[in-house]
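One structure is given here, and the rest of the page talks about it.
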Amino acid sequence: MAAREEWLILSHAFNMDGRAASHTITDKIPHLLRQGITPIVISAVTGRRDANIEHHQLLPLSPAGLRFDLRHVLRRKLTNRIAYNVVLGLVSLLLLPFYIVEKLIEDREPHWSWGPAAYLRGARIIRKRRPAVIYSTGGANSAHWAAEKLARRFDLPWIAEIHDPMGIAGAEGPRQQFAYELEGRICDRADVAIWFTEEALAVARARHPALAERGHAMVPGADAPHVERIPYRRGAKFVIGHFGSLSPTRHLGVVAQALQRLIVQDPALAGILRLEIYGSDLDSISREALRGLPAGMVETKGRLERDPATGESGRDRVVRRMNAVDCLLLLHGTEPFCAEYIPSKMYEYLWARRPIVALVWRNPQMTRMLNELGHIPVGADDVNAVEGALAALITRWRDGELVDSGKPSPYTVQAAVDQLVAWGREAAARRRG
């Protein structure tokens with residue numbers, strides 16, 4: 001049997017229940033192990049320590065980073081909201097003078113200072129173990145910052161996996177300048193640089209022609225949920241489920257307008273339609289827009305956390321509810337970078353096999369993928385299209401024809417890891433040769 005090869009993995013978010021940046025790497029670990037790779041993970045303290053692999057959890061070095069990470073730790077440890085707010089308030093008060101000084105000197109993303117901590121721990125591991133590959137994934141740009149320094153210092157092959165576009169058109173300031181410079185260093189040094197959409201790769205290549213064939217587009221995918229799937233059953237209400245974050249650029253305003261129009265045309269729908277919102281508080285635009293809907297139509301469920309009585313994770317509870325709703329609502333956003341971005345939630349939605357109405361912003365790849373699997377992509381700002389899509393699904397629901405799609409998702413983590421490992425081993429062989 002061949003000796004297992006070690007990969008040093010840098011990921012700020014790891015083993016964080018309900019976080020997309022965590023799922024994208026955490027879900028790869030079993031597949032990497034099956035490929036004969038031993039992961040050595042360096043992460044923040046925000047997730048649970050993994051008992052099955054070597055996992056180093058580090059605190060950041062700055063007050064802003066400490067507050068950011070401790071907020072997640074406290075949320076996990078303190079289930080009582082009052083206790084959480086009191087402790088977080090005291091921590092914030094203690095850190096406030098140092099936080100102000102930091103912002104005056106260095107205005108970057110809160111977890112920038114986790115990068116130096118990851119670099120120092122990574123250097124110590126490399127000296128002792130000499131892993132075959134450095135693999136940074138994020139999420140947080142600090143993982144790529146540390147990996148680039150380590151790859152240059154120790155002359156190791158480096159895979160950089162970029163989740164969201166690093167360059168945002170029209171954005172300015174220290175954070176954006178840092179991101180642009182880091183993107184340039186990734187394109188210059190990384191042996192393998194991966195983006196999650198075809199458009200993001202094309203834009204990065206246009207900005208940095210030196211990237212050439214070292215750049216790749218890879219669909220991250222999602223594996224089939226391990227929880228038992230209960231077949232869909234039509235209920236007394238037509239339930240639209242939204243799972244994920246909301247913001248002023250990814251809001252429910254257009255959906256609220258479409259629902260209002262449907263109710264005007266058919267007032268009986270006021271007693272039939274339900275919009276359930278999971279995973280996020282309402283943003284200001286959504287909150288105002290939803291006030292125009294009848295009382296009781298909208299239910300804000302918040303985050304589903306681990307159930308202490310059953311031990312079921314928040315993620316598993318979300319999967320069960322996704323399988324049960326009549327229609328899944330996917331919001332893409334309306335920012336320019338959405339053309340280079342596909343929400344990771346889409347891959348989880350596809351496994352639910354329920355009809356998806358996706359509000360897509362100028363992203364042909366995302367539109368094509370949804371169409372191919374029989375779902376309904378519409379323009380993110382097109383109220384008429386949203387209204388028409390929902391009306392068609394309501395008609396099918398009333399006729400008892402809104403059954404499961406029956407099509408399993410072709411976009412799996414296994415397929416992504418197969419690509420990742422092949423690229424990583426090719427890069428290691430090139431560097432050795």
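Derivation of every value follows stated rules applied to the coordinates shown; laboratory data play no part. The shown structure was predicted, so the numbers you read here are calculated from the model rather than taken from an experiment. Cβ: placed from backbone, ideal geometry, glycine included. Neighbour counts: every protein chain shown.
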Stretch residue 120-residue 300 to full length: gain in nm at 0.36 nm per residue minus the Cα-Cα span? 60.5 nm
Between 0 and 90 degrees, rounded to the nearest ten: what's the tilt of helix 413-432 against the longest Cα principal axis of the chain? 20
Using alpha-carbon coordinates alone, the radius of gyration and Dmax of segment 306-401 in Å work out to 14.8, 44
Once amide H atoms are built 1.01 Å from N in the peptide plane, which residues 5 or more positions from residue 358, or in another chain, come under 5 Å H to H? 330, 376, 378
Contour excess over end-to-end distance, with Cα ends at residue 432 and residue 313 and 0.36 nm allotted per residue: 38.6 nm
Can you give the longest run of the chain that contains no GluC sites (Glu not before Pro) sitting in a DSSP loop with at most 13 other Cβ atoms inside 10 Å? 229-400
Between 0 and 90 degrees, rounded to the nearest ten: what's the tilt of helix 141-154 against the longest Cα principal axis of the chain? 20
Need the list of lysines near residue 345 for cross-linking: C-alpha distance under 28 angstrom, and skip anything on the same chain fewer than eight residues off. 28, 77, 237, 301, 407
Normalised radius of gyration for segment 238-398, please: alpha carbon Rg relative to 2.2 N^0.38 Å, two decimal places. 1.00
Between helix 314-324 and the chain: long-axis angle, C-alpha atoms, 0 to 90°, nearest 10: 30
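Just the number, please: Stokes-Einstein D of the chain in µm²/s, Kirkwood Rh from C-alpha pairs, 37 °C, 0.692 mPa s.
142
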Note down the net charge around residue 137, summing +1 for each Lys or Arg and -1 for each Asp or Glu among other residues with Cβ under 9 Å from its Cβ. 0
How high is the relative contact order of the chain, given as a whole-number percent (alpha carbon pairs under 8 Å, six or more residues apart)? 14
Exactly which trypsin sites (Lys or Arg not before Pro) in segment 217-295 are in a DSSP loop and have at most 16 other Cβ atoms within 10 Å? 229, 233, 234, 237, 291
Could you compute the net charge surrounding residue 31? Neighbours are other residues with a C-beta less than 13 Å from the C-beta of residue 31; K and R count +1, D and E count -1. -1
With -39,500 (n - 2.57) per DSSP H segment of 4 or more residues and division by the full residue count of the chain, the 222 nm estimate, nearest 500 deg cm²/dmol, is -14000 deg cm²/dmol
Enumerate the calculated ³J(HN,Hα) couplings along segment 63-71 in order (Karplus 6.51 cos²θ - 1.76 cosθ + 1.60, θ = phi - 60°), each rounded to whole Hz, writing x wherever the residue is Gly or Pro. x, 5, x, 4, 5, 4, 6, 5, 4
1/(1 + (r/R0)^6) with r = Cβ-Cβ of residue 320 and residue 91, R0 = 45 Å, i.e. FRET efficiency to nearest 0.05, evaluates to 0.85
